[in-house]
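The values are calculated or read from the model by the stated rules, or taken from the named source; none is laboratory data. All values derive from a computational prediction rather than experimental measurement. Ideal geometry is used to build each Cβ from the backbone, glycine not excepted, and the neighbour counts take in all protein chains shown.
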Amino acid sequence: MVRLSAAWLLGAAMLGAQGRSNGCDPASEISSQVCTARQMLEVWPGLYLGGAASVAEPDQLREAGITAILTVDVEEPGFKTGAGVEGLRRLFVPALDKPETDLLSHLDRCVAFIGQAREEGRAVLVHCHSGVSRSVAVVTAFIMKTDQLAFEKAYENLQTVKPEAKMNEGFEWQLKLYQAMGYEVDTSSAIYKQYRLQKVTEKYPELQNLPQELFAVDPTTISQGLKDEVLYKCRKCRRSLFRNSSILDHNEGSGPIAFAHKRMTPSSMLTTGTQAHCTSYFIEPVQWMESTLLGVMDGQLLCPKCSAKLGSFNWYGEQCSCGRWITPAFQIHKNRVDEMKMLPVLGSQTRKI
Ligand SMILES: [Zn+2]
Ligand SMILES: [Zn+2]
């Protein structure tokens, strides 16, 4: 308990937290054990972290001046009616504490909720079931964005204040992606698209329908917004197949990474331009592929107009010619398509580049 006490004091000094508002005295072992269950810790000025029990204590909430509660749990807690409960601002994000849980897609609204409440001078409680993983991940994201800190640094700071904080490895990975996207979930970025595809693949065996938002809009159905964009057309019949924004770039051949996305660093996903040794484009699925992709693990990708063989797909991943594994993979051979630039004035006409 000496360790906890010292760590807490160090953390409190580091983060500028004032006083102990959780009602627990970490210097007393007995008190500490009793308190652990409903412990609520001020980890940042006006920002508290806790488990499910911390919301069951209206007095404690009132004492700490908490008027905003963010729940990251399977069930939304019920609040006893009474003084202090009305006017309570709440946000509920349903999430299991599992590495495959998609927390990343909810981070923007979680961070915004905390930020807005803080701006209004409210004290905020972020809690999950045991206050160790889900709530820790959300609070870490908030600290990362607010102080523009790298994941490791923000997490380390939080663990100094709350040594038992330990998010699951899936959340660690998601926070690294959050950092790579600039502390904002950019759903149009290659990083997010790749992440979404991986999430879908994890559920693949039970998958009945592929989520529609997974597919890029068929370029033949888009009449606007293509200006200055690069289009890829079937070399044989000229049908438009995909846009430049659908390409999911990767770093050339740093060894097999299939099924090991945790080992892939976000910076390795931040690449631009094409690689000389990659003979294929790895792209996000496009609408015209939908019927081909569903219900099968792998197969060929054929031109929807002339049926020319364009490439292949595999939900378990495929290896690029450069040696890199991409999971899942939707691969189009570069020599089966032509890269065309939309002419700004003529709109629908293209020029080979
Ligand atoms: Zn490659
Ligand atoms: Zn074709």
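The helices (runs of 4 or more DSSP H) falling completely within segment 1-100 that include 3 or more residues that are modelled with pLDDT under 90 and touching a helix residue (DSSP H, G or I) at 6+ places or on another chain (Cβ under 8 Å) map to 2-15, 29-38. Against the list (1) modelled with pLDDT of 90 or more; (2) crowded, with 16+ Cβ neighbours inside 10 Å; (3) within 16 Å of ligand 1 (Cβ to nearest atom); (4) over 16 Å from residue 219 (Cα atoms), the condition residue 283 fails is (4). Checked across segment 171-183, the condition of being in a helix (DSSP H, G or I) and touching a strand residue (DSSP E or B) at 6+ places or on another chain (Cβ under 6 Å) holds for no residue.
Is it the case, given these coordinates, that residue 154 is free of Cβ contacts under 8 Å to residues at least 60 places away in the same chain and touching a helix residue (DSSP H, G or I) at 6+ places or on another chain (Cβ under 8 Å)?
So residue 154 passes the test.
So which residues in segment 132-151 are β-branched (Val, Ile, Thr), touching a residue at least 60 places away in the same chain (Cβ under 8 Å) and not in a loop (DSSP other than H, G, I, E, B), if there are any at all? Show your work before the answer.
To start, the set of residues in segment 132-151 that are β-branched (Val, Ile, Thr) comprises 132, 136, 138-140, 143, 146.
Of the ones still in play, those that are also touching a residue at least 60 places away in the same chain (Cβ under 8 Å) are 132, 136, 138-139, 143.
136, 138, 139, 143 - these are the residues of segment 132-151 that are β-branched (Val, Ile, Thr), touching a residue at least 60 places away in the same chain (Cβ under 8 Å) and not in a loop (DSSP other than H, G, I, E, B).
Touching a Ser or Thr at 6+ places or on another chain (Cβ under 9 Å), small (Gly, Ala, Ser) and either modelled with pLDDT of 90 or more or surrounded by fewer than 16 Cβ atoms within 10 Å (Cβ to Cβ) (or both) - does that describe any residue in segment 224-237? Among the residues of segment 224-237, not one is touching a Ser or Thr at 6+ places or on another chain (Cβ under 9 Å), small (Gly, Ala, Ser) and either modelled with pLDDT of 90 or more or surrounded by fewer than 16 Cβ atoms within 10 Å (Cβ to Cβ) (or both), which makes the answer no.
Restricting attention to segment 302-324, and to residues there that are small (Gly, Ala, Ser), part of a loop (DSSP other than H, G, I, E, B) and within 16 Å of ligand 2 (Cβ to nearest atom), which single residue is nearest to residue 234 (Cα to Cα)? Let's see the steps before the verdict.
Taking segment 302-324 first, the residues small (Gly, Ala, Ser) are 307-308, 311-312, 317, 321, 323.
Going one step further and asking which of them are part of a loop (DSSP other than H, G, I, E, B), we end up with 307-308, 317, 321, 323.
Retained after the next criterion (residues that are within 16 Å of ligand 2 (Cβ to nearest atom)): 307-308.
On the way: 307: 10, 308: 8 Å.
Per the stated criteria, the residue is 308.
Among the criteria (1) out of contact with any Pro (no Cβ under 6 Å at 6 or more places or on another chain); (2) at pLDDT 90 or above; (3) more than 16 Å from ligand 2 (Cβ to nearest atom), the one residue 333 does not fulfil is (3).
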